[in-house]
Structures are given as structure tokens and as C-alpha cells.
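Below is one structure, written out as C-alpha cells; comments come after it.
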Ligand code: PLP
């Protein structure tokens with residue numbers, strides 16, 4: 001993608017990732033941000049009364065009125081009635097440009113005709129669940145073996161499930177129990193991976209010696225944390241604890257702190273350190289996956305983990321996930337060192353969607369969405385430069401974000417220093433102008449195969465309007 005940092009003091013980012021930091025910036029008046037935010041929240045409630053009413057009703061049966069707490073925001077989230085292509089219709093009848101795209105799962109677009117066709121055929125002709133081996137599941141495992149360079153793999157139904165089983169596979173393989181993860185990293189709901197997800201700074205000690213934060217309601221076991229992009233810290237922890245540690249769980253590009261890209265050479269050095277200490281390297285590609293390119297982030301960045309987890313983009317909107325990797329590690333399932341079960345694993349309905357996605361996501365198609373994304377990122381760079389905003393763009397493949405910091409975010413502590421007032425304003429500004437980027441300020445947009453240049457121009461012009469409002 002693109003590289004900057006030559007004239008700066010921070011290490012350059014991996015050249016297969018995008019990070020453009022402007023040469024200079026001017027602070028934004030915080031009072032202005034607060035005034036704009038107050039006006040935008042007023043506008044939000046005036047324009048979305050149907051969503052407000054729906055949330056009141058839904059909250060009677062669903063905690064917070066949502067089916068996953070990530071869907072919630074205060075005072076209430078927008079409720080969506082239907083979606084097609086890159087557009088959503090909410091319960092107030094508003095049409096919104098979807099740049100959240102199911103937290104990145106809808107890479108092929110909503111109701112992609114090829115997915116609809118394959119799934120409809122499965123419903124009409126094949127069946128939905130056999131709980132037996134099937135040619136459909138075998139064909140998909142062969143396709144993923146080939147595409148992602150995996151020795152063996154198993155299907156599951158969610159990212160959480162894949163991470164849980166992948167951690168167990170690593171334990172069974174190494175005969176060790178402890179888990180090492182990245183501070184601030186999110187990997188779904190499995191207990192061991194709930195440690196230091198988005199901890200409060202006051203709970204986690206100094207940046208160079210972080211204390212793992214364990215929520216009261218989880219039984220995490222032994223979990224250690226290290227800062228992303230910090231090889232010295234990794235080496236120290238591996239020297240002290242390496243013989244206990246089964247697995248390092250890491251998103252190769254962190255896509256749960258907006259987007260945090262690796263320093264050049266970081267992942268290769270992580271690979272080498274894990275090898276030296278006999279630790280299984282697990283790349284969580286639930287979010288990167290096909291959105292990072294044809295064969296995922298590992299192939300793009302040229303570092304081969306021992307295990308990967310996949311979900312979201314591979315399923316075309318149906319609940320599909322997988323874990324897999326080196327044959328010698330996955331052998332733990334063959335010889336019974338680890339049990340892996342699941343009623344719905346690899347069911348023919350979801351396999352039909354998976355095959356459609358695999359057919360649609362050619363190298364050319366994915367290069368097309370990446371080009372659209374880069375065009376938008378470059379246009380946003382121009383706006384940032386023109387208005388000297390304290391912000392920069394970050395991207396990988398089909399995904400991008402504006403990070404409200406004048407300097408790169410290279411780990412969780414940097415991320416905590418982002419200007420979240422500006423991040424909230426910039427998100428809400430879009431929502432009020434019918435552009436929905438993901439809720440939560442730690443996400444990124446996805447350019448799907450259904451988005452057009454005109455759609456992406458809307459994102460850019462909306463951002464330019466915000467920039468003018470900030471500097472007027
Ligand atoms: N891993 C990462 C990196 C994720 O972002 C997520 C979900 O957002 C998960 C795992 C969990 O996936 P799921 O929500 O399918 O359980």
C-alpha cells in the first residue's frame with residue numbers, strides 16, 4: 001500500500017500497510033468540539049425517533065435492546081430494517097450508506113446475488129444440516145487450504161469459538177497452558193482472551209511493564225500481556241515465562257484499536273522469537289482475513305503463523321468461522337490430544353455461502369476495492385493537510401480509518417492518547433448525514449464489493465464539511 005515516516009522519529013510501518021501522518025498539524029479548540037457534539041446529538045435524536053422508540057421496546061426483552069453489546073450506544077443505536085448492496089434502511093425510513101458492513105463481515109455486500117443464489121439453491125435442493133461429512137464441507141476445506149496456505153483446518157460458527165479451539169490446540173500441542181496476548185487486543189469472548197481487552201490505564205501499571213487486567217467475571221488462567229510493536233518487551237517476557245507459554249495470540253494488524261499497523265520487520269521478528277521459545281504463533285485473522293487481500297494478512301505481510309483464525313468476511317453474512325494451520329499442530333485433533341465438536345460446523349447452508357464468497361473474492365475483485373479505499377484515503381489525506389487537522393489515515397486492504405492523533409498509534413497506550421472527542425464527533429457527523437461507520441471508536445470502515453466511487457466520495461465530502469466546521 002503506502003509508507004510514510006521517512007522524515008519522522010518513529011519507525012516506518014510495514015510497507016504492505018497504509019499510514020500517512022501529516023508533516024504538521026494545529027490543535028482543534030476543544031470548546032468547539034464540545035459545542036458541535038452537543039448540536040449533533042440534538043440532531044441525532046430529532047432525526048431518529050423511530051430508532052429511539054424501537055430501542056425502548058427492545059430493551060424490555062433484550063439487555064440494552066441489542067443482541068450483542070457492541071451494537072449499543074447511548075442514548076440508543078439506529079435500528080435497521082433491511083440492507084442491500086452498500087445501503088441500509090432504518091426504521092425511520094432513512095437510507096444510510098453502510099461503511100460498517102457488519103463490522104467488516106459484509107465484504108461482498110448485502111444480499112450479494114451470487115451468495116443469494118448459492119444459499120437459495122442449498123435451501124431448495126440440498127438441505128441445511130446433516131451432521132455428517134459432506135462434499136460441500138470437504139470442498140470448502142480444500143479451497144481454504146489452497147487460498148490461505150493451511151495444512152489442515154476445521155470450521156466453527158464464530159470467531160470466539162475459533163479462538164477458543166485454537167488456543168486449546170496450541171496447549172495440546174505444546175503441553176503448556178499459559179497464553180500471551182497483546183495489551184488492548186480483542187479476540188472475542190473466550191475467557192483467556194478477556195484479559196486486558198480495553199483496560200483503564202490506572203489498572204495496568206507502567207507502559208514498559210504492563211499488568212494484565214482480568215475482569216471479575218472471567219476465569220482466565222495464566223495470561224501475560226505485551227505491547228504491540230515492542231520486540232524488547234516480547235523478548236523479556238519470553239525469556240522469563242517462555243517455558244510456560246503455549247501461544248501468542250495476536251492480530252497481525254490490530255483492527256480493534258481503529259487500525260494499528262506493524263512496524264516494518266516486527267511480525268518477522270515475532271515469528272522468530274516464538275520459534276526460539278517453542279511458542280505457537282496464532283494470527284487472529286477474524287477481522288483481517290479476506291479484507292486484507294486474497295489470502296489474508298499473513299500472506300500479504302509475508303509471515304507464516306502456526307495457526308490462524310478466520311470468521312466475518314469468509315461467510316458472506318452467514319455465521320461461518322474456521323481455525324487451522326500447520327498440519328503438525330492440527331494433528332492434535334487427529335490423535336485425540338484435543339477434542340473439537342460442534343453441531344453446526346460446516347453445515348451445507350453456510351458452506352454454500354462460503355463457496356460463493358470464495359468465487360466472488362478474486363484477486364482482481366479485491367484489488368478493485370483496495371484501489372477505491374486508497375483513493376478515499378488519499379482524498380482524506382488532502383483534507384487533513386488543507387485544514388491542518390491533528391489526524392492521520394491508516395489502512396489495510398479494503399479497510400481504513402482516520403485516527404485523531406497527530407502522531408502514529410503503535411500500541412494500546414498510544415491509542416489511549418487519541419482525541420476521542422474528535423473521534424466521536426467525526427463518527428456522529430457521518431451518522432447524521434446518513435453515513436454509518438461502525439459504532440465504537442475503535443473500529444474502521446470497510447469498502448465492500450458493492451461500494452462505488454460515488455459512495456466513497458460521500459465519505460470524503462462529509463469529512464471535508466466536518467473539517468470546515470472545525471476551523472470556521
Ligand atoms: N477476533 C477478533 C479480532 C474480532 O474482532 C472478533 C469480533 O469482532 C472476534 C475474534 C470474535 O468473533 P465473533 O464475534 O464472531 O465471535
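Treating r as the C-beta distance of residue 39 and residue 95 and R0 as 22 Å, the FRET efficiency rounds to 0.45.
Rounded to the nearest 5, the antiparallel percentage of DSSP beta bridges internal to the chain is 60%. Relative contact order for the range 16-174: 10 percent, from Cα pairs under 8 Å spaced at least 6 residues apart, divided by residue count.
Below 8 Å between Cα atoms, with a sequence gap of 6+, how large is the relative contact order for the range 114-360 in percent?
Details: 473 pairs, mean separation 75.3, N = 247.
Averaging sequence separation for qualifying contacts and normalising by length gives 30 percent for the range 114-360.
For residue 177 and residue 365, the difference between the fully extended length at 0.36 nm per residue and the C-alpha to C-alpha distance is 63.5 nm.
Using helices alone, I'd like the mean residue ellipticity at 222 nm for the chain: each DSSP H run of four-plus residues gives -39500 (n - 2.57), total over residue count, nearest 500.
Values: 15 runs with 182 residues, N = 472.
Here the helix-only value at 222 nm equals -12000 deg cm²/dmol.
Place a point 7 Å from Cα of residue 201 in the direction of its Cβ. Which residues in the range 207-226 have their backbone N less than 11 Å from it? Within reach of a label on residue 201, which here means backbone N under 11 Å from a point 7 Å along Cα→Cβ, the range 207-226 contributes 207. Each of the peptides 266-279, 285-298, 437-450 was scored by the mean count of other Cβ atoms within 10 Å over its residues; in descending order, highest first, they stand as 285-298, 437-450, 266-279.
Could you order the peptides 40-50, 370-380 from most to least packed, using the average number of other C-beta atoms within 10 Å per residue?
On the way: 40-50: 15.1, 370-380: 19.7.
Peptide ranking by packing, descending: 370-380, 40-50.
Order of 134-144, 396-406 by packing, highest average Cβ count within 10 Å first?
On the way: 134-144: 16.6, 396-406: 25.6.
Result, highest mean Cβ count within 10 Å first: 396-406, 134-144.
How high is the FRET efficiency from residue 331 to residue 304, r the C-beta distance, R0 22 Å, rounded to 0.05?
Result of the calculation: an efficiency of 0.80.
Defining a contact as two alpha carbons under 8 Å apart and six or more residues distant in sequence, what relative contact order in percent does the chain show?
Numbers: 946 pairs, mean separation 114.6, N = 472.
Averaging sequence separation for qualifying contacts and normalising by length gives 24 percent for the chain.
Values quoted throughout were computed directly from the atomic coordinates according to the rules given, and no laboratory measurement underlies them. Quick caveat, the model's predicted, so the values are computed rather than measured. Every residue, glycine as well, gets a Cβ built from its backbone with ideal geometry; the counts of neighbours run over all protein chains shown.
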